[in-house]
Amino acid sequence: MSSALRSGSGFRALQPVRFWRLVGEVTYPLSQSASKQLLTDSAYAAIVRTSVSLGTLVAAAMLLAIARTTSALAQEGAVPSADHLDEIIVTAEKQEQSASTVGMPIVAATGTVLRERGITSVADLTRLVAGLTVQQSSFNSSSFTLRGVGFFNSDLATPPAVTIYVDEVPLPYPAMTKLAAFDLARVEVLEGPQGTLFGQNATGGAVNYIAAKPTDAFAAGVDATYGRFNLLQIGGFISGPINDQLKVRIAVQGQHSDPWQKSITRPDNRLGTVRELQGRATLEWQPDSRFVSRLTLASTYDGSDSLAAQFIAPMVTIPALAAPGLLTFPVVNQPRAADWSSVLPGTNQPFPYASDTTLYQVSWRNDYRPRDDLAFTSLTSYADFHMAYGQDPSGTPFYIDDVIDRNGKVSAFFQELRATGQQGKINWLLGANYAHDDVKDEPLEFFSDVDLSHLFQGVDPQAYGDESLFPAHMRANTDAVFGRVEYNATERLMIEGGVRYNADRRTFDNCSIAVTNHFASFWNLFRGGALPLTQVGDCYVLDPANGLQPVDDVHSTLNQDSVSWRTGLNWTARPGLLLYANISKGFKAGAVPVLAASTVDQFKPVPQESLLAYEAGFKASLLDHRVQFNTSAFYYDYKDKQLRGSELDPVFGPLEALVSIPKSHVEGIEVQLNARPTEGLTLDTSATYLNTKIDEFTGFDALAHFGNQAGTPFPFSPKWQSITNIDYAFPISPRMKGFGGASLTYNSQTYSGVGALNLMRIDSFTLLDLRAGLDFSNGRYRVWAWGKNVTNECYWTNVFANGNAVARFVGQPAAYGVSFSARF
């Protein structure tokens, strides 16, 4: 391991004293005096920072009790009591293992827990995983940031930094993941780089949804929910054997609700209707105990409204040309208040905010085990995704940056082959995969109320900027081979190592098209009448290397190889106490933006980024398996972090583009506590502390101000995040139990762009969810009432500057309802 450290390019930047101080803080609890040190240095700070959380205070009290009873750590031969914590089996390393025995941070929850807590989408995972943030973009898509590692970009073809899987099958682009979470057995969130087993684009981590599988005996279930805004969600499944060798499971779910956003200028206008439908059918064939073949067909439909934004401030270059009323447009601070354009420009037709988005996916998994110590797995999948939507991200009724996209398409093929085996003290895995993605997109942008669009109307009243189409086509081919070895040096010490070679080949074709005579005339005046003149339907992107002449297409390629690797030590100090230390390196693929570009340089590809991660921690089962206490410290050395920012054009000044931050780093501590102090009472809490910092970057901040950005934090990376859940179940009669619970989610302040600018600030927030209900016939029937964000906290997840407006996307207001679940 020391040689790997010395060979790492970021070793000098690691700051070993600081990292090993963090490691020491999380390994001190192995003695009573060290436990007190942990309480002083880490837990006390967490208590002070998150004192708004009653649940966190309760957890801190439990930590104090644990510190006083450290001698009870995982006693040899202890027999679990009737009310010990349930064990969760995960497949984080592509084999079934108890989560408490895997030497990496994992957050896992069963399908039952997800349903009761109202975690029904990827965006809801922020209520489960401390350290995760989800950002809504102005192009009806989402981005994910985990432990400060993420890539916020609004394009359909954006490769993520946190990958989403269903049964290990990738959904390669965030827009495809919105409706992935239904009829689940569990979810697993793996934190830190996962490149060796899950490939590139997992520098931040990976989310693996495990769908419920066909059952050996007949089973069926129904789930129904009714809530505020006339929310109606109904789902169900049927599962069981067809014959001795075939089993099937069919699950469907639909959801509809009324709009919840209110226009501040048109009181009768509403936005936010939900229309969703999900379905999955799984056929499993098992002719004998050695072979299993599983074919899954999944389909989702999303016809929901895209969300409108809240206006924060105008951002105008020439006030005299600003749209009348924009400079005095009201700023609101209420969860339901927003505004948007009501009709298409120049028509009486309503603006098409309802999306029309479908995903069809087929996956086929085959597992063959010729003998007990050898297994082969084949994973094949194909996904077809179509997206259409309209969105107004300005928070105003003006046409500042409105978008309609009627033709977003993704086709994605994936094939993986792997073998796993065991020989003596060695467990091994070898594999290879291939992926091919084809992504097309054609956003149409409206900006007729932007001040600079009217720059030449004194010369020609019909010459103004109003609409632009920017088609894009991306093709990616990825080949990879990978392997992993575990060597059990002793009964308690395991050494692991993994490596993946990845070859990524991407091609891009981009342009910006003039779609009206108004814009063509405007652009010709902007160019000073230079020939050839731009006509309707022409690509108007200019090439600085060719005298600012327009081009027909901007074609670029990005061919890059990478070697991801991981090495680690896992020491089982005694049964129930695992200590681990890992070093890993991961990569995220490069990209080209989709935007209304003025010059060829704006489409310049940004290269792949890399992350060198150091992590150490422990997982301890305490007090006769009533308490699970996990903690880790980590340090990330970040190279070429990708960012949607600006570049300086010698003619046009700052222009939007993708840029790279040469050097940056993340350091942090994470704590997880799961406890069952008495029968029926379960408490779990987690907290993440992050310190993110740009070490080297001279460029534009989030509002296009040029300067040295070193020392500023990453976007969307709160310094403190915590999640606390308390659940209590109690008997009422022999066939009936009552249950209740509360969840508290806290995020400290962060920023949405580089530079830590006050205008781009995302304030801290605390969300409280409540639930209470009845359980009949040992869980066969359950009914409960619930509330989400019951204090009606006004919070937001993103702030952005578009055209002449700075605006934000606000989280949903208080919601409440009742749910029913039945199993037959």
Legend entry - Isolated Cys in the chain, by beta carbon distance under 4.7 Å: C794
Legend entry - Projected label distance in nm at V563 and E87, using a 7 Å step from Cα toward the beta-carbon: 3.8 nm
Legend entry - Estimated FRET transfer efficiency when R0 is 56 angstrom, pair I732-D479 (beta carbons, to 0.05): 0.40
Inset, instruction - Compute the long axis of helix 517-526 from its Cα atoms, compare it with the longest principal axis of the Cα atoms of the chain, and write down the angle in degrees, 0 to 90, nearest 10. - result: 80 degrees
Inset, instruction - For S121 paired with V362, estimate the spin-label separation in nm (one decimal), with each label point 7 Å from Cα along the Cα-to-Cβ line. - result: 2.9 nm
Inset, instruction - Assuming R0 = 35 Å, can you tell me the calculated FRET efficiency for the pair T110 and R270, based on Cβ-Cβ distance, to the nearest 0.05? - result: 0.45
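Compute the convex hull volume of the Cα atoms of the chain, divide it by the residue count, and report the result per residue in Å³ as a whole number.
Taking only Cα atoms, the chain has a hull volume of 156 Å³ per residue.
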Inset, instruction - Search the structure for amide H atoms under 5 Å from the amide H of A337, placed 1.01 Å from N in the peptide plane, and list their residues when 5 or more places away or on another chain. - result: K262
Legend entry - Principal axis dimensions, largest first and in whole angstrom, of segment 402-451 by Cα: 72, 21, 10
Legend entry - Highest-first arrangement of 723-735, 739-751, where packing means the average Cβ count within 10 Å: 739-751, 723-735
Inset, instruction - Identify the residues of segment 474-498 with backbone N under 18 Å of a label point that sits 7 angstrom from the Cα of W428 along the Cα-to-Cβ direction, or state none. - result: 481-489, 495-498
Legend entry - Estimated D of segment 510-571 in µm² per second, where Rh is the Kirkwood radius over Cα pairs and Stokes-Einstein applies at 10 °C, 1.306 mPa s: 109 µm²/s
Inset, instruction - Wrap a convex hull around the Cα atoms of segment 383-422, take a quarter of its surface area, and give that in square nanometres. - result: 5.4 nm²
Inset, instruction - Report, by chain and number, residues whose modeled amide H sits under 5 Å from the one on A185, excluding near sequence neighbours (fewer than 5 apart, same chain). - result: I210, A211, A212
Legend entry - Stokes-Einstein translational diffusion, segment 680-824 - Kirkwood Rh over all Cα pairs, 1.567 mPa s, 4 °C, in µm²/s: 71 µm²/s
Inset, instruction - Report ³J(HN,Hα) in whole Hz for each residue of segment 532-549, in order, from the Karplus equation J = 6.51 cos²θ - 1.76 cosθ + 1.60 where θ = phi - 60°; Gly and Pro get x. - result: x, 6, 7, 10, 4, x, 7, 6, 9, 5, 9, 10, x, 6, 10, x, 6, 7
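Using only alpha carbon pairs under 8 Å that are at least six residues apart, calculate the relative contact order of segment 654-789 and give it in whole percent. Could you put the intermediate results ahead of the total?
Values: 314 pairs, mean separation 24.6, N = 136.
Relative contact order for segment 654-789 comes out at 18 percent.
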Inset, instruction - List, largest first, the extents of the alpha carbons of segment 313-410 along their principal axes, each in whole Å. - result: 78, 30, 28
Inset, instruction - Using only Cα atoms, locate the centre of segment 404-431 and the centre of segment 322-373, then give the distance between them in Å, rounded to an integer. - result: 29 Å
Legend entry - Degrees, to the nearest 10: 16-27 long Cα axis against longest axis of the chain: 50 degrees
Legend entry - Amide H contacts under 5 Å for Q608, placed H, 5+ residues apart: G590
Inset, instruction - Express in nm, to one decimal, how much length is gained between E793 and F706 on full extension, taking 0.36 nm for each residue of separation and deducting their alpha carbon distance. - result: 27.8 nm
Legend entry - Inter-label distance for K409 and A224, nm, one decimal - labels placed 7 Å from Cα along Cα-to-Cβ: 4.1 nm
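What does the extension gain come out to for H386 and A185, with contour length at 0.36 nm per residue minus their alpha carbon separation?
Values: separation 201, 0.36 × 201 = 72.36 nm, distance 2.74 nm.
Working it through step by step, the gained length comes to 69.6 nm.
Segment 202-350: percent of C-alpha pairs farther apart than 29 Å? Please report the intermediate quantities before stating the final value.
Numbers: 5321 of 11026 pairs.
Every Cα pair in segment 202-350 considered, those over 29 Å come to 48 percent.
Could I get the Rg over Rh figure for segment 593-661? Both from C-alpha atoms, Rh via Kirkwood, rounded to two places. Walk me through the numbers on the way to the answer.
Working: Rg = 21.6 Å, Rh = 15.7 Å.
Radius of gyration over Kirkwood radius for segment 593-661 works out to 1.38.
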Legend entry - Percent RCO, i.e. relative contact order, over segment 143-201, from Cα pairs under 8 Å lying at least 6 residues apart: 27 percent
Inset, instruction - Apply the Karplus parameterisation 6.51 cos²θ - 1.76 cosθ + 1.60, with θ equal to phi minus 60°, to every residue of segment 227-237 and state each ³J(HN,Hα) to the nearest whole Hz, in sequence, with x for glycine and proline. - result: x, 4, 6, 6, 5, 10, 10, 10, x, x, 8
Inset, instruction - Mind putting a number on the dipole of the chain about its Cα centre? Charges go on the C-beta only, +1 for Lys and Arg and -1 for Asp and Glu, and I need it in Debye to the nearest 20. - result: 2340 debye
Inset, instruction - Would you give the gap between the C-alpha center of segment 719-794 and the C-alpha center of segment 230-258, rounded to a whole Å? - result: 26 Å
Inset, instruction - Using Cα centres only, tell me the gap between segment 159-197 and segment 658-672 in whole Å. - result: 21 Å
Inset, instruction - Mind putting together the pair-distance distribution for segment 347-467? All Cα pairs, 10 Å bins, whole percent per bin, short to long. - result: 11, 23, 19, 15, 13, 10, 6, 2, 0
Legend entry - Descending Cα extents along the principal axes, segment 725-765, whole Å: 60, 10, 10
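Order these peptides, 297-308, 269-280, by their mean beta-carbon neighbour count within 10 angstrom, highest first. Each step should come with its number before you reach the end.
Working: 297-308: 21.1, 269-280: 18.7.
The densest-packed peptide leads the list: 297-308, 269-280.
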Legend entry - segment 302-312 - phi-based ³J(HN,Hα) in whole Hz, Karplus 6.51/-1.76/1.60, Gly and Pro as x: 10, x, 6, 5, 6, 7, 8, 9, 9, 6, 10
Inset, instruction - Over all alpha-carbon pairs of segment 688-766, lay out the pair-distance distribution in 10 Å bins, whole %, shortest bin first. - result: 17, 32, 19, 12, 10, 7, 3
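Read the figures in this text as sums done on the coordinates, not as results from a lab. In this text the structure is predicted, and so the values were computed from the model without any measurement. Counting neighbours? That spans all protein chains shown, and the Cβs are built from the backbone with ideal geometry, glycine included.
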